[in-house]
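Every number in this text was worked out from the coordinates using simple rules, so none of it is lab data. What you are looking at is a predicted structure, and each value in this text was computed from that prediction instead of being measured. Cβ sites come from the backbone with ideal geometry, for glycine too, and all protein chains shown count toward neighbours.
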Amino acid sequence: MSAKIPTFAYDCIKKHPAYRAERLSARMKMHRDSAWTPLQAHATGKDIDIQMNKYITTVKASLVNLNAFETLLLLSILSLTVANFVIKGEVTINSGIAATGAILGVFCVVLGAKGAMANWIFGTVEAFLHIYICFCTHIYGDMLQRLVYNLPMQFIGWSKWKKRMRDDGSQTIHTRYMTWRQRFFTLLAVAIGTLSLGIFLIYFGPWFVDTLQSVFSDIEFKTLKKSYDAPTQLWLDSFTTVLSIVTMYVSVKAFVEQWYMWLIINVAYIWLWLLSDSEFSFMTVAKYSVYFVNSIYGIYAWNKLSKD
């Protein structure tokens, strides 16, 4: 049995000049090793290139394994984009943003239905574009949800899914089911959250617009409004926002039930954007229509993944 050094002896050792000099030298070496240098900057640049190559490889691996139905969904949103431009006869910056967001969004959900890691990459870019679209169309609940919650969750989702990846090189994950207790509390959270957010949004719109106009008094916000285009929009916005928040969490946790929830969300979003009178409406409705079809496919695909 090893002898234990008495406390008073250990205190004497710490006070010894040689011990103090050794500790100082160790700290200086640690500081020197952690100091930033141009050589390390070059190494960091290489690390970024390596990481970017990993993302590109992940996307390629996911797209190569698309089946016929998944390819059809991607082609459908591309066709709707072309049709939108042909019907309108012009391409504006906003219509281009709406089209790009729709295309990236469909790529995101199609890969999500496969349980593919690359869905988070497309989802991150689409989230930025959708925040802008919601701002221009005064869909404030969805805008806040995307900005404060959905966007950060793209990075968290990537991290969580990496831990559940399969070892077969397919870039897909292991899925699972919720318990009945989890399902009950999920429904309860959505009901309470929808009511609370709806009441909040009644007052948020007027406050938000007044604040913007007072801070940026020299700028004219042509599309900004204090209220929704229709009263029903407020509660639809509240419901879809809360359900999206909860469903995103369920998605990050890789539960199969997320796809039943996305199915409901997509129906509500289609209704919400049909009530919106803006140049973004057509492509956004088209996007959520493809999302709806994909959510049905997601139910089938994730039930199958959970059994593999």
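Taking other residues whose beta carbon is less than 9 angstrom from the beta carbon of ILE103, and scoring Lys, Arg as +1 and Asp, Glu as -1, yields 0.
For region 174-219, the Kirkwood hydrodynamic radius from C-alpha pairs, put into Stokes-Einstein at 20 °C and a viscosity of 1.002 mPa s, yields a diffusion coefficient of 156 µm² per second. When you count the other C-beta atoms within 10 angstrom of each residue and take the mean per peptide, 145-154, 243-252 line up highest first as 243-252, 145-154. Once you place label points 7 Å from the Cα toward the Cβ at ARG181 and LEU63, how far apart are they in nm? Taking the simple label geometry, ARG181 and LEU63 are separated by 4.5 nm. TYR249 sits among other residues whose Cβ lies under 12 Å from its own Cβ, and their net charge, with Lys and Arg +1 and Asp and Glu -1, is +1. Here the extension length gained between THR71 and TYR300 equals 80.8 nm, from 0.36 nm per residue of separation less the Cα-Cα distance.
For region 53-67, putting each phi into the Karplus relation 6.51 cos²θ - 1.76 cosθ + 1.60 with θ = phi - 60° gives couplings of 4, 5, 5, 4, 4, 4, 5, 4, 4, 6, 6, 5, 8, 5, 8 Hz, in residue order, rounded to whole numbers and with x for Gly and Pro. P(r) tail for region 73-165: Cα pairs beyond 20 Å make up 42% of the total. Close amide H partners of TYR177, meaning residues 5 or more places away or on another chain with modelled amide H under 5 Å apart, are VAL256.
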